[in-house]
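First the structure, in the form of structure tokens, and then the observations on it.
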Amino acid sequence: MKLLSLSNRYYFVGLLIISLIAGITSYFVIKSIINNEFNDKLFAEKEELIEELHQHDDILNSYNLNIGDNIAIQKANSDPQIKTFVRDTVLYDKYEKKELNYRQITFSDKVKDDFYILTITKSLLSTEDLIQGVTEIIAIITLLFFSTMLVLSNIISKKIWKPFYATLEDIKKFNVKKPNPLTFNKTKIIEFRELNSTLKLMTNQVSEDYRNLKEYTENTSHEIQTPLAIIKNKIEVLIQDSGFSEKQLTSLNQVYEATSRLSRLKDNLSLLSKIDNNQFIEVTELRLSPYLKARIENVEELISIKNIQTSFRFEGDPILSIHETMAYVLFNNLIINAIRHNVENGKLELILTNTYFRIKNTGKPLNVSEKELFERFKKSGNHSESSGLGLSLVQRIVRYYGFSITYKNIDSWHNITITF
Amino acid sequence: MKLLIVEDEFLLADSIINYLEREGYYCELVDNLADAKQKSWDHEYDCLIIDINLPDGSGLDIITQVKEMKSKSGIIIVSARNAIEDKISGLDIGADDYLTKPFNLAELNARIKAVIRRRNFDAQNVITFNEITVSPYEQSVKVHNKTIKLTKKEYDLILYFISNKNRVIPKGAIAEHLWGDEMGMADSYDFLYSHLKNLRKKICDFGGNDYIQTVYSVGYKFCDQ
């Protein structure tokens, strides 16, 4: 989720809750104020009516006073002793032609020895209109406030976070292999300035470490190969003498072969570390189908000596962007593996489509679990000459280029599939 | 035949010289760039064997100098770096071959012979071992003057044996010569045995002797004693 949409989400939820609470509260507060005002008015009208009644004798005959909306005067025989009360009621309005809300105040009074029950009925219509109007205004203000906040926060965030995104773009372009020193834009924000200077420090450190590691790998390779060459060549000189017993010759040969193994192991390990260090960045466009055929031709005699039947099923002609050395290590390892672990008179099948490459071979069942197959130094069987790094190299290359590799054993066929 | 060996690792140079002198070469050793430049300037060698990493600079400088002199010397680079860039730049400026440490002396010997052969190019040039004649130009082999049909690997094998005649060659060295690093050793031995069997049979079919002697557990020796 993007930073902006996350902050927008929090703003939105927060503002929504606050506006709802504020809106509802102000509605009730305004309503009660208006109500009280209305009631005060009713009581005031009551006082006015009583005064009018006491001052003007003939008022009892007139129903249309300029006080309330509707006044009912009812003569009572004895003192009704009604305590003044206010109630809401619904009456039919013949002008509006519908039922409307009214509020009545009822009280009793004694005018010239007569007792009267008096009711002033006042329409609530204007009050309701007022409440509605005020509510609408509140809602509109809230909405305006709301949208302004969101728009403002978007604009401000974009402006504030601009150096951050610029930095992000810069780091994305950073490549340890070709470390151009990062040049960040100047920013007034202290946090971003700190971020940039920390990043600068870190990337410099990373480039430095990378360079050291690369040098170390190359140097160890160099330093180890020379003593190995000395051992190997001394033995070659030694065995030219005819004075050795068979036992001594066997030992000498074992030393010689161990040296060869060590040198191959070193080669593979430095290849692995080179892949890990992204030292194979350049790519070439490789047409797979002729390439695979050439690779098979290259090992034709190994195939013929084991009398393995090879078949191709090429249904596509994909082009891979891959480093040449990596392609060689990848496909050669798979093919050699399929020959090495094959049986006499076995079969080897290469299947190529535009989306995957599959190599199938007959062979003895694995005694390594399928999961461990691609791990370093896992060997099936006791092939002391294999370094156990072949498939690990394959997997590393596959991962490096974002392909995927799967192994399946179906009816004594070993299937390795690389999906591009 | 005169060789100049430029190698700063004395123990290694010692083995190389020991092996090559028995081959009848006259070897001179220098262990730094300055001396190597001086020597190659003063004398004409048939082949220079140059280690790239020298204490006082890169062996590639010697190649540049030798090329500027328009010398006919063959040049073989020996390097501990199996870096493809080194290989390419070395061959680009005029080296004839490139060997990566650790190498086999038999391999170095065969390469030196091949380089010298190519330098003194002559289509009539043949290598003879008793009744067996190898013509590197035609890539053909004759036994008692009759051409025998060999596969590419069988041809490589007999040329390698004749180049290293009378020497004990470890089977690992032969396998590496034929297949490079592509195969694991035990695998390639099976293939080696089968090639050897075929080669012996073909030579014997044409009345040739079997000169390939097995040296117990170590390898083979091509000789007529």
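Observations, loosely collected:
- Charged neighbours of A:LEU182, selected by a Cβ distance under 10 Å, balance to +1 (K, R count +1; D, E count -1).
- Charge tally in the Cβ shell below 9 Å around A:ASN101, where Lys, Arg are +1 and Asp, Glu are -1, A:ASN101 excluded: -2
- Separation between Cα centres of the stretch A:78-126 and the stretch A:327-353, rounded to whole Å: 104
- Bridging of A:LYS98 to lysines at a Cα separation below 23 Å is possible for A:LYS122, once same-chain residues fewer than 8 apart are set aside.
- Angle in degrees between helix A:324-340 and the longest Cα principal axis of chain A, rounded to the nearest 10: 70
- The longest stretch of chain A left intact once loop-based GluC sites (Glu not before Pro) with at most 14 other Cβ atoms within 10 Å are removed from consideration, loops following DSSP, is A:97-281.
- Euclidean distance between Cα centres, the stretch A:252-289 to the stretch A:1-49, Å: 76
- When you restrict to C-alpha pairs under 8 Å that are six or more residues apart and normalise by the size of chain A, the relative contact order lands at 9 percent.
- Pairs with C-alpha atoms separated by more than 30 Å, drawn from the list A:LYS232/B:LYS39; B:LYS2/B:LYS221; A:LYS306/B:LYS113; A:LYS158/A:LYS214; B:LYS87/B:LYS113; A:LYS232/A:LYS364, are A:LYS306/B:LYS113; A:LYS158/A:LYS214; A:LYS232/A:LYS364.
- Trypsin sites (Lys or Arg not before Pro) restricted to the stretch B:122-156 and DSSP loop, no more than 14 other C-beta within 10 Å: B:LYS149
- Over the stretch A:281-352, Cα pairs under 8 Å with separation of 6+ residues give a relative contact order of 49 percent.
- Of all DSSP beta bridges in the stretch B:10-113, antiparallel share, percent nearest 5: 20
- Backbone phi angles across the stretch A:111-122, fed through the Karplus curve with coefficients 6.51, -1.76 and 1.60 (θ = phi - 60°), yield HN-Hα couplings of 10, 6, 6, 9, 9, 10, 9, 10, 10, 10, 10, 10 Hz in residue order; Gly and Pro are listed as x.
- Cα-based shape type of the stretch A:190-276, given that a ≥ b ≥ c are square roots of the gyration tensor eigenvalues and the cut on a/c is 1.5: prolate
- Degrees between helix A:390-400 axis and first principal axis of chain A (Cα, 0 to 90, nearest 10): 40
- Here is how the number arises for chain B: DSSP H runs of 4 or more residues each give -39500 (n - 2.57), the sum is divided by the residue count, and the result at 222 nm is -13500 deg cm²/dmol.
- Of all DSSP beta bridges confined to chain B, the antiparallel ones make up roughly 50%.
- Cβ-based net charge around B:THR64, under 14 Å, with every Lys or Arg adding one and every Asp or Glu removing one: 0
- Relative contact order computed over the stretch A:238-339 (Cα-Cα under 8 Å; 6+ residues apart), in percent: 32
- Prolate/oblate/rounded label for the stretch B:93-225 (Cα gyration tensor, a/c 1.5): oblate
- Rounded, prolate or oblate (a/c below 1.5 giving rounded, otherwise prolate when a/b exceeds b/c) for the stretch A:255-306 by Cα gyration tensor: oblate
- With Cα atoms, 0 to 90° folded angle of helix B:185-205 axis to chain B main axis: 60
- Annotation note: chymotrypsin sites (Phe, Trp or Tyr not before Pro) in the stretch A:133-201 located in DSSP loop regions with a Cβ neighbour count of at most 12 within 10 Å are absent.
- Remark: the protein assembly as shown carries a charge dipole of roughly 2080 debye about the Cα centre, counting +1 on each Lys and Arg Cβ and -1 on each Asp and Glu Cβ.
No lab work stands behind these numbers, since they all come straight from the coordinates. Computed from a predicted model, the values in this text were never measured in an experiment. Glycine also receives a Cβ, built like all others from the backbone with ideal geometry; neighbour counts cover every protein chain displayed.
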